[in-house]
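*Asks:* The structure follows.
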Amino acid sequence: MSFDSNAKKHARSTIKALIFDPIAKNRKTLRQILISLGFRDVDEAKDMAQFQAALEFTLYDLVFAECCQDAGGEKGNHADALAKTIKAMRFGDVGPNPYLVSINTAWLLTDHLVKTILSSGTDDLLVHPFSNSDIERRITSQIKARKTFIVTSDYVGPDRRKNKRSPSTAFTLTVPNSLQAKALGDQKTLAQISTAIEAAKATITVEKMRRQPLTIGILANLLSDASWDKKLKLAGKDKLAHNLGELLTVTEDLSARIGKTGFSHFEHIGATIHELVRSMMEKFQSGEILNTDDLENLKKHSTSLQIAFNPEETEASVAANITSLLCRRDVEYVS
């Protein structure tokens, strides 16, 4: 064994890793692979409750999580449950390190699984069966060439856009990579990793929040038209229910985040918007039709908040931007 191999394995012995798979045999196989590659500090989780608890209370650098085999705890909904946890982690709502390297595994790739998992903000998706060299390549890629992260109102994760030269208002940043720092023995970076994580979390909180009023404005416009939506494959009441649900999620998140930022003096507007949407949902669920005045108030408040977050904007530019996105029909929250 060469000196370089010994040095690499020594560095990897300090990396904190987690394996999540309901099947004990699969966990054992992956653990043996990681140990052969120099990893020593490897935890295991056999169900979603253990996985979430581990993420919540431990500072991991690397996670392997299985998408299938009852990983989600609900038959037929494994990828959805796992993606929800990963997405919450990326937004800083789960665990001390939202930017750990996340590699998901799956025995069978379906269109739904691939779209759901990649949309969660995970770093990579690996199909079974895999070899030691497959795992080595995936880990090395995250150490040497991890993708820059992109931040939208509904996504934090690797920038997978194929055409990065096309116009975009999405915010990008290089997130802290404790896996890389430990693997390379970068003590200076490691000494500052906690501070870097907190700084990235604060930046992402603000950037996500700054985009939410636009999301609210577009959804309010979509609610004004309950006709068939080809992108969602929904029509009528189904479409209204979907968009109201999205609004409730976005406004709740906005209301919770705004007080933690430098925009806390606009907290009352965020609370007003969320309460308005909550009231609209209650009316809808009781069988009432959507009130035009409620929709107009929602549009007005979202525009005011967008201008507050982005002083260079005007009512006219906000309206034009919403119209443009509606015409393109590729806005992020209805994809």
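The values are calculated or read from the model by the stated rules, or taken from the named source; none is laboratory data. It should be emphasised that the depicted structure is a prediction, and the values quoted were computed from it without experimental measurement. Using ideal geometry, Cβ is built from the backbone for each residue, glycine included, and neighbour counts are taken over all protein chains shown.
*Asks:* Residue check: is His274 of a type outside the set (Lys, Arg), in a helix (DSSP H, G or I) and at pLDDT below 90?
*Replies:* Criteria not met by His274.
*Asks:* Condition first: assigned to a helix (DSSP H, G or I) and touching an Asp or Glu at 6+ places or on another chain (Cβ under 6 Å). Now tell me which residues in the range 8-46 satisfy that.
*Replies:* If the condition is that a residue be assigned to a helix (DSSP H, G or I) and touching an Asp or Glu at 6+ places or on another chain (Cβ under 6 Å), then Arg27 is the only one that fits.
*Asks:* How about the range 191-206: which of its residues are surrounded by 16 or more Cβ atoms within 10 Å (Cβ to Cβ) and either hydroxyl-bearing (Ser, Thr, Tyr) or out of contact with any Gly (no Cβ under 8 Å at 6 or more places or on another chain) (or both)?
*Replies:* Ile193, Ala196, Ile197, Ala200, Thr205
*Asks:* Can you find a residue that is aromatic (Phe, Trp, Tyr), at pLDDT 90 or above and more than 17 Å from the chain's Cα centre (by Cα) anywhere in the range 17-26?
*Replies:* yes
*Asks:* Hey, can you tell me all the residues within the range 173-210 that are among the acidic types (Asp, Glu) and in contact (Cβ under 8 Å) with a residue 24 or more places away in the chain?
*Replies:* At the first step, the residues of the range 173-210 found to be among the acidic types (Asp, Glu) are 186, 198, 207.
Selection gives Glu207 alone.
*Asks:* If you don't mind, there's one more thing I want to ask. For the range 89-132, what are the residues that are out of contact with any Gly (no Cβ under 9 Å at 6 or more places or on another chain), of a type in the set (A, V, I, L, M, F, W, C) and surrounded by 23 or more Cβ atoms within 10 Å (Cβ to Cβ)?
*Replies:* Across the range 89-132, the qualifying residues are Leu100, Val101, Ile117.
*Asks:* Looking at (1) outside any helix (DSSP H, G or I); (2) touching a Lys or Arg at 6+ places or on another chain (Cβ under 8 Å), which is the one condition that is false for Gly287?
*Replies:* If we test Gly287 against (1) outside any helix (DSSP H, G or I); (2) touching a Lys or Arg at 6+ places or on another chain (Cβ under 8 Å), just (2) comes out false.
*Asks:* Could you please give the count of residues in the range 247-271 that are assigned to a helix (DSSP H, G or I), hydroxyl-bearing (Ser, Thr, Tyr) and surrounded by fewer than 18 Cβ atoms within 10 Å (Cβ to Cβ)?
*Replies:* Adding up the residues that qualify gives 2.
*Asks:* While we're on this one: Scan the range 78-105 residue by residue and report those that are closer than 22 Å to Val206 by Cβ and assigned to a helix (DSSP H, G or I).
*Replies:* Within the range 78-105, Ile86, Lys87, Ala88, Met89, Arg90 qualify.
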